[in-house]
Amino acid sequence: MVKNTIMKRSILISLLIFITIQMQAQWGEFNYFVFKAGITNQFLNPAPSSGSGLFINTFDGDKELMPEKNKFLKYNQGFNIGMDFHFDWHNDMGGFIIGAEFHNFSVSNKFVTDRPDYYVIRTMTVYSASFPAMVKFGYEIFNLQRYAFVGVRMNWNFRMDLSEEASWNSVPRIKTYTQADNVYKPFSAVIVGGINFLFFNIEADLYPQSFLNKNYTINVGTDAEPFIIHPFETYPDYYFVINTTIYIPLSPWATTRSYFLNRLVRMF
């Protein structure tokens, strides 16, 4: 317990020192770091076209699970954190952004039977290290910190959690997969766009291809009588995610706009 506390304090102190050094380094208006931390929001949940061989065993016998026909609106919340670097053009009308970030988001689907009291809600959460490359444009970007941005982000997906919540069981069943399991794709591209207003950033992410491995197979039969299914074969190729993020430029601009950051710098 003591070691964990010391470690947490050391990490916090190191982060504060890093932020302070960057603020005092006088990058100027053309080159500066930005710290970001926020929430990923996903609730549209596009459904697969079939249950891909999913069944449940009930007192009435085996029943096939099929995706709910209506749009399944379930809010899934994740988070993002990272550091971006801005290369602003000297005309203060645009620039480039690169970075290193951590993202996770979830998508859920509801599978039903011919009886409404038998259903399964499956939620998949993917964890990624992300590397954005974007262009931004606006007017007097450094002074106003108001601009739009578009670009792409490459995700390295290193983990996926699969949660199944059944109508007859209040405790969800969760299984964690890594790249070795071949359940999801190790890399995926994301089309991004959004706006920044002072310390607040809204970003829309479009995943044009599924992060799931549609060629993944499961034998739900026996070794003697195998029955092979592709559980993710009919899942959609696209997902839409909204990121709402606190976006703090680590530059002299931030201390002139925030009393808290100004006092923080004066402490060192």
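Readers should treat all values here as calculations from the given coordinates under stated rules, not as data from a laboratory. Because the structure is a prediction, the values reported are computed rather than measured. Heads up, the Cβs are rebuilt from the backbone with ideal geometry, glycines too, and the neighbour counts pull from every protein chain shown.
Using packing as a proxy for protection, rank 189-197, 71-79 so that the peptide with the highest average count of other Cβ atoms within 10 Å comes first. Could the numbers behind the result be given before it?
Values: 189-197: 16.8, 71-79: 14.0.
With the highest mean Cβ count within 10 Å placed first, the list reads 189-197, 71-79.
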PRE zone check, label point 7 Å out along Cα-to-Cβ of residue 164, amide N under 20 Å, scope segment 81-118, hits 106-118
Once both label points are put 7 Å beyond Cα along the C-beta direction, the residue 204-residue 244 separation in nm becomes 1.6
In the structure shown, of 36/136; 74/175; 74/136; 136/185; 175/214, the pairs separated by more than 24 angstrom at the C-alpha atoms are 74/136; 136/185
Projected onto the charge dipole of segment 28-250 (unit charges on the beta-carbon of Lys, Arg, Asp and Glu, signs +1, +1, -1, -1), the Cα from 95, 216, 142 with the largest positive-side position is that of 142
Computed over segment 141-192, the relative contact order (Cα-Cα under 8 Å, seq sep at least six) in percent reads 44
Measuring from its Cα centre, segment 28-250 shows a charge dipole (+1 at each Lys and Arg Cβ, -1 at each Asp and Glu Cβ) which, in debye to the nearest 20, is 200
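Taking the inverse of the average 1/r across all pairs of different Cα atoms in segment 28-250, what Kirkwood radius in Å do you get?
Over segment 28-250, the inverse of the mean reciprocal pair distance is 19.3 Å.
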When the charge dipole of segment 28-250 is computed with +1 at the Cβ of Lys and Arg and -1 at the Cβ of Asp and Glu, the Cα pointing farthest to the positive end, of 248, 180, 198, is that of 198
